[in-house]
1. Within the stretch B:83-136, count every residue that is of a type in the set (A, V, I, L, M, F, W, C) and in contact with a Gly (Cβ under 6 Å, 6 or more places away or on another chain).
2. Consider residue A:206 against the criteria (1) crowded, with 17+ Cβ neighbours inside 10 Å; (2) touching a helix residue (DSSP H, G or I) at 6+ places or on another chain (Cβ under 8 Å); (3) small (Gly, Ala, Ser): it satisfies all of them except one. Which criterion is unmet?
3. Scan A:150, A:166 and give me the residue that is loosely packed, with under 14 Cβ neighbours inside 10 Å, outside the structural domain of residue A:399 (by TED's automatic domain parsing) and either assigned to a loop (DSSP other than H, G, I, E, B) or of a type in the set (D, E, K, R) (or both).
4. Taking residue A:112 and the conditions (1) small (Gly, Ala, Ser); (2) touching a strand residue (DSSP E or B) at 6+ places or on another chain (Cβ under 7 Å); (3) away from chain B (no Cβ under 14 Å), which numbered condition does it fall short on, given that it satisfies the others?
5. Would you please name the residue that is surrounded by the fewest Cβ atoms within 10 Å (Cβ to Cβ), looking only at residues in the stretch A:353-390 that are touching an Asp or Glu at 6+ places or on another chain (Cβ under 9 Å) and on the phi > 0 side of the Ramachandran plot?
6. From the list A:51, A:66, exactly one residue is closer than 16 Å to residue B:118 by Cβ, of a type outside the set (Lys, Arg) and assigned to a helix (DSSP H, G or I). Which is it?
7. Could you list, in sequence order, the residues of the stretch A:219-251 that are within 23 Å of residue A:333 (Cα to Cα) and of a type in the set (D, E, K, R)?
8. So residue A:38 fits all but one of (1) in a loop (DSSP other than H, G, I, E, B); (2) under 24 Å from the mean Cα position of the chain (by Cα); (3) within 13 Å of chain B (Cβ to nearest Cβ); what number is the exception?
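The values are calculated or read from the model by the stated rules, or taken from the named source; none is laboratory data. Remember, it's a predicted structure, so these values are computed and weren't measured experimentally. With ideal geometry, Cβ positions are generated from the backbone for all residues, glycine too; neighbour counts draw on all protein chains shown.
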Amino acid sequence: MFEKILVANRGEIAVRIIRACKELNIRTVAIYSEADANSMHVQLADEAICIGKAPASESYLRIDRIVSAAEITDVDALHPGYGFLAENGHFADVCESCNIRFIGPNSRAMSALGDKALSRALAKRADVPTPPGSEGVVDTEQDALAVAKRIGYPVMIKAVAGGGGRGMRVAHNDISLVKGFHTARSEAEKAFGNSGVYFEKYIENAHHIEFQVLGDHKGNVIHLGERDCSIQRRNQKVVEECPSPLLNNPKFRKLREKMGKAAIRIAKEANYTNAGTVEFLVDSEGNYYFLEMNKRIQVEHPITEEVTGIDLVRYQIMLAMGEPLRLSTSDVQVRGHAIECRINAEDPFDDFRPSPGRIEMYYQPGGRGVRVDSHIYAGYTIPPTYDSMLGKLITYGRDRREAMDKMSRALSEYMITGIKTTISFEQAILQDPNFRRGVYSTSFVDQLLSGARRELME
Amino acid sequence: MDLKDIRAIIDLMKKNSVSEFELEKQDFKIRLKRVPNGGGSAAAAYDEPQVAAYGQPPTPIGAQPAAAAPAQLPPSPELEIKSPMIGTFYRAPSPDAAPYVDVGVEVNPDTVVCIIEAMKVMNEIKAEVKGVIAQVLVQNAKPVEFGQALFRLRPA
């Protein structure tokens, strides 16, 4: 049993991990930058170590400082959360070599899935379909045009080292392809230190559906059902739900089982352990394509927890301790319906401009079936240096209708003053007739916003 | 040079009872100093929960009982030496040696004032300021975090 765990993250996920540790009677160490001295995760942990100045490059991304902090507090294990170093194989290796158990997959599984082009090859070996695309990295303009000709427009240009929806652009013809190819490469070099890009056919009006998997060190892998994350703005998820209304459509009855099995094949091919998520795109005909696998706990994990009754972060800790999976996929029961809204400090009326600052009044919704995973409080100042997510609002109901009604109710109760938030934007999504019917795709938000803009201007 | 190489060098130093090793290349310099058994183990040195010792006391939002902090002089930021790293603080190069500095000693920016040990490597910490040591703020062999004040100085 771990006695002490270092939480190598910040914000709401650090609070989430600390909660899981407390429930397991495991002591916690928080790390924080100077900008986060008053953050909630620092207050809740048993011990806290300042590891540097505000920029992530001087704090939350500093492997040496994080490992030093782990050493002087004598922890048994470290949880990396999501983002930052969560999918950094080198970091996982350094922890293990310092006798600190890394709560996540081993570095080999990470490398097998780290490079997007490599993971496409892995999917092929696992007999899982991928979107038509380039075989590996596209190096020259000539190759770019040839690949585009073969797979057909529109083409999505993606950075191999990208992630979290970053480093992607769409091209509709040869001219925009060549321009996009060069721009994407220089952006990728700057953002990820790797200019490699690959191409995929852009599947329009698709659903983004992902499967939660868990793997133990004995090679057992199970899945816990899917999450539908099609409601995105600029490739950033906004609203997620579980189960997917698309897969509940009688027309696609067999799809859930097929995709679940495909997700497990991918994880097994990578010798995956601990928690992970296999992402797919599903088109309007019910064809599914593997996109990538995320080797970490995800932001939207709570909706899976609500419908399955399984504490995913607790499972991560148990699996890292060497516990075997005592569940099979068929043991996992999905009951009811859950929805999550990511609440960001952004102004939806000003093109979602980030709105850091001091929170004056804070009242979070409650009542039956309402869960708030957040680190903010009245009087807290949001630092400008990190992402704008304030927290997640999750509702659970016996069916989709109840979950949606609760979400609208909860959003209307949520009061945050002093900064701008996306609460009104999410309320507009929940009230939208197409969303309520469960009929939407990844183009939903764009359509909603362009419709809304026209109304504002009239 | 990566962590593996450094560990290999440390092992060699142990095996051959070498206490100091220095290597300088074009844009890289490393110096390793061994502290004999009993003085260097970070894990052994750190043996009590240190809620109050880490950084600023938490803002009173009711979440944590306020731990007693030692009475301190009002800080003068320009005459403090702050820790640039996380590790274990040592006053002297070895347990038997005299401390690098003491109250009343005048230091220059290049004066080595202490060692901070991290991941079994001893790092000599320079003053970076000119002044006279007025107060030593951390006890020997205690862990320190980034930005933690180590010494308070008064003008020379």
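1. Count: 2.
2. The failed condition is (2).
3. A:150
4. For residue A:112, the failing item is (2).
5. Once the filter is applied, the top-ranked residue is A:367.
6. Residue meeting the stated conditions: A:66.
7. The answer is A:226, A:227, A:228, A:240, A:241, A:251.
8. (2)
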